[in-house]
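Only one structure is covered here, and it is reproduced in the block below.
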Amino acid sequence: MSKQLALVIDLNVCVGCHACVTSCKEWNTSGEAGFLSDDNPYGRDPTGTFFNRVQTFEVGEFPNTQTVHFPKSCLHCEDPPCVPVCPTGASYKRAEDGIVLVDYDKCIGCKYCAWACPYGAREIDEHQKVMKKCTLCVDRIYDESLPPAERKPACVMACPTSARLFGDVHDPESVVSQAIRDSGGYALMPEWGTHPANHYLPRRKTEITLHRDELERVDNPLKIDGLLPKPDVRAPSLDDSTSW
Amino acid sequence: MRPAFSVIFLTTLIGAGQGLFVALYSAEFGAWLGVWAMPSEQYFSLGCVLVLALLGAGLLASFFHLGRPERAWRSAAMWRSSWLSREVIVLPVFMAAAAAFGLAHHLRGAGDLTLTLGGAGVALALLLFVCTGMIYACLPFLQEWHTPLTVINYLLLGCASGFLLGTTWAAAQAPALLVTAAAWTAGVTLAALVMRGAALARNARLRPKSTVQTAIGVKHPRIAQKAQGFMGGSFNTRDFFHGKSHAWLRLVKWGFLLLVFPLPLALLAAGSALASWPVLAAAFLLQYLGLLAERWFFFVQARHPQNLYYQAIS
Ligand code: SF4
Ligand code: SF4
């Protein structure tokens, strides 16, 4: 089966720090494809083009609420509705790794693809007048001049809690496929049949289960561990000098 | 959705142009069948100039929608998958057919050639309606648009507008045709009223398939957005929200229903009874205003699921 690169985002771990947002913007505004426009960055109504946003939702009713930080970027859908509608062919999905990209040299800025994305993952660049979206850092992940451990999207590199996993969701042994399998990974808005490649891991209850053998070293390999001392109840509990 | 004015002008102007062409050809076809007398050659050739002017104006408006109009030629590339691309191809081909039809009338007069060219033109006009309508109807998650009624209404409203113009034109150029043309116009307009009404009724009962629960994948019934990730606006907050009040929407809805259907129909009756082209022209202009409002409402009514992610700034 072909490759499908994707992100898996663990909502149980994300703390909403926006490190992925700034790292994404920093990497992608400095690349070969040109800058990501900003307007009024220090003014009253700053606005700009971003590939990735972190949003916050409150689930439940006070006082029983949970805060869910929710990073959102292009999901690199396996059946992307944004691609077939593009009249110029500027929007395309790569056969070799499933990344959905926009060819900025072909795009006419008609915005039809943005209408066709149910997730609002595409943003027009207000100065270059072409459509932009997450590229999965296609200019990083194959860069042989980087050490292999750094050939990951900028957001994944930046995440301080490792809430973002990156890999091939078609490879059942990849870290992302395992995470989806083991931790209940799910897709957004499954009702539209877009089959997003990116998945999210749900919030979970954090519990500690203690077993007896974890309290005492029953496997005591060198037979050194004895029983815990159990002094008599009448024995003095303070030291000699004060227990008279 | 936020209405795109260039697209509103594009669709209403080319709709009227296509409708007018169908009206011109119907006049020729009926005369060929011997139902009525053949109108003058000027009715056709100058009529085609009018058709081309409307289509040209629509085409011009469409360029204002593009961020990079100088690359517009590229948009013909993906006709296998994109209805927008198909529209981009069919529009100029239809314009060429209309021009050829008008020219043939001017040079050779009505005959087999004009009949064939006009037939091809009508087929292209109908195809163009389908392309334009499908641009909207093909997007499944814009549920308000995702219905055959969208295509039907683009067709019927365009024809109503074009037939009304054709009747005006007949009053000026081919008086013998006036009563028949007026009757056809009334018929098409009433059909458009029924179908547009059906679309309004359908959309009023529509329940969105996407909810904030499916948007973020949390099943709890109470979810409130606390931050959208930025304080200023973005493309997502600008292009997908219309920002108008419910009352204003209702006003526009009733406004366009009045301007597109009963008022022009009343003027149509008066104009054809008096055989006065200025009254009919007023009817056309009034209805065109109404059609602008109709298209505006068409956009505003569509609720894009991406809006679920932009419910609260912070
Ligand atoms: S998330 Fe949107 S932009 Fe990205 S592939 Fe899917 S439909 Fe296209
Ligand atoms: S905005 Fe660009 S990428 Fe999007 S549909 Fe139009 S031409 Fe294609």
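The values are calculated or read from the model by the stated rules, or taken from the named source; none is laboratory data. Because the structure is a prediction, the values reported are computed rather than measured. All Cβ positions, glycine included, derive from the backbone under ideal geometry; neighbour counts span all protein chains shown.
Quick one: in the stretch A:1-60, which of the residues that are within 13 Å of chain B (Cβ to nearest Cβ) and charged (D, E, K, R) is farthest from A:Asp79 (Cα to Cα)? The qualifying residue farthest from A:Asp79 (Cα to Cα) is A:Arg44.
Yes/no matrix, rows are residues, columns are (1) in contact (Cβ under 8 Å) with a residue 40 or more places away in the chain; (2) within 16 Å of ligand 1 (Cβ to nearest atom); (3) surrounded by 17 or more Cβ atoms within 10 Å (Cβ to Cβ); (4) within 14 Å of another protein chain (Cβ to nearest Cβ):
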residue	(1), (2), (3), (4)
B:Gly56	no, no, no, no
B:Leu60	no, no, no, no
B:Gly67	no, no, yes, yes
B:Ser81	no, yes, no, yes
B:Val93	no, no, no, no
B:Ala98	yes, no, yes, no
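B:Leu50 fulfils the conditions (1) surrounded by 23 or more Cβ atoms within 10 Å (Cβ to Cβ); (2) outside any loop (DSSP other than H, G, I, E, B) except for a single criterion, (1). Looking only at the stretch A:102-120, residues that are within 11 Å of ligand 1 (Cβ to nearest atom) and out of contact with any Ser or Thr (no Cβ under 6 Å at 6 or more places or on another chain) come to 7 in all.
Here A:Gln66 fulfils each of the conditions (1) within 23 Å of B:Gln306 (Cβ to Cβ); (2) modelled with pLDDT under 95; (3) not β-branched (Val, Ile, Thr) apart from (1). Counted as qualifying within the stretch A:119-215 are the helices (runs of 4 or more DSSP H) with 1 or more residues that are of a type in the set (Lys, Arg) and more than 16 Å from ligand 2 (Cβ to nearest atom), namely A:175-182, A:212-215. Screening A:Thr88 on (1) more than 7 Å from every other protein chain (Cβ to nearest Cβ); (2) within 16 Å of ligand 1 (Cβ to nearest atom) shows it passes everything except condition (1).
In the stretch B:209-256, how many residues are within 30 Å of B:Gly162 (Cα to Cα), free of Cβ contacts under 8 Å to residues at least 40 places away in the same chain and of a type outside the set (Lys, Arg)? Before the answer, list the steps.
Here is the first cut: in the stretch B:209-256, the ones within 30 Å of B:Gly162 (Cα to Cα) are B:242, B:248-256.
The next check asks that each one be free of Cβ contacts under 8 Å to residues at least 40 places away in the same chain; those that pass are B:248, B:250-251, B:254-255.
Cutting the leftovers down to of a type outside the set (Lys, Arg) gives us B:248, B:251, B:254-255.
Here the count works out to 4.
Using the structure shown, decide if B:Leu149 is of a type outside the set (D, E, K, R), assigned to a loop (DSSP other than H, G, I, E, B) and either in contact with a helix residue (DSSP H, G or I) (Cβ under 6 Å, 6 or more places away or on another chain) or at pLDDT 95 or above (or both). Even if it seems obvious, please write down each step before you answer.
Values: of a type outside the set (D, E, K, R): yes; assigned to a loop (DSSP other than H, G, I, E, B): no; either in contact with a helix residue (DSSP H, G or I) (Cβ under 6 Å, 6 or more places away or on another chain) or at pLDDT 95 or above (or both): yes.
No.
Screening A:His76 against (1) crowded, with 17+ Cβ neighbours inside 10 Å; (2) assigned to a strand (DSSP E or B) leaves a single unmet condition, (2). For first residues located in the stretch A:85-99 and free of Cβ contacts under 8 Å to residues at least 12 places away in the same chain, partners that are charged (D, E, K, R) and lie 6+ apart or on another chain with Cβ distances below 9 Å form the pairs A:Tyr92/A:Asp103.
Residue by residue, here is whether (1) more than 27 Å from the chain's Cα centre (by Cα); (2) surrounded by fewer than 20 Cβ atoms within 10 Å (Cβ to Cβ); (3) part of a helix (DSSP H, G or I) holds:
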residue: B:Arg207; (1), (2), (3): no, yes, no
residue: B:Phe240; (1), (2), (3): no, no, no
residue: B:Trp248; (1), (2), (3): no, yes, yes
residue: B:Asn307; (1), (2), (3): no, yes, yes
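Screening A:Pro153 with (1) in contact (Cβ under 8 Å) with a residue 40 or more places away in the chain; (2) within 14 Å of another protein chain (Cβ to nearest Cβ); (3) surrounded by 20 or more Cβ atoms within 10 Å (Cβ to Cβ) gives one miss only, at (2). From the list A:Tyr104, A:Tyr112, which residue is closer than 18 Å to B:Phe240 by Cβ and hydroxyl-bearing (Ser, Thr, Tyr)? A:Tyr112 is the lone residue from the list that is closer than 18 Å to B:Phe240 by Cβ and hydroxyl-bearing (Ser, Thr, Tyr).
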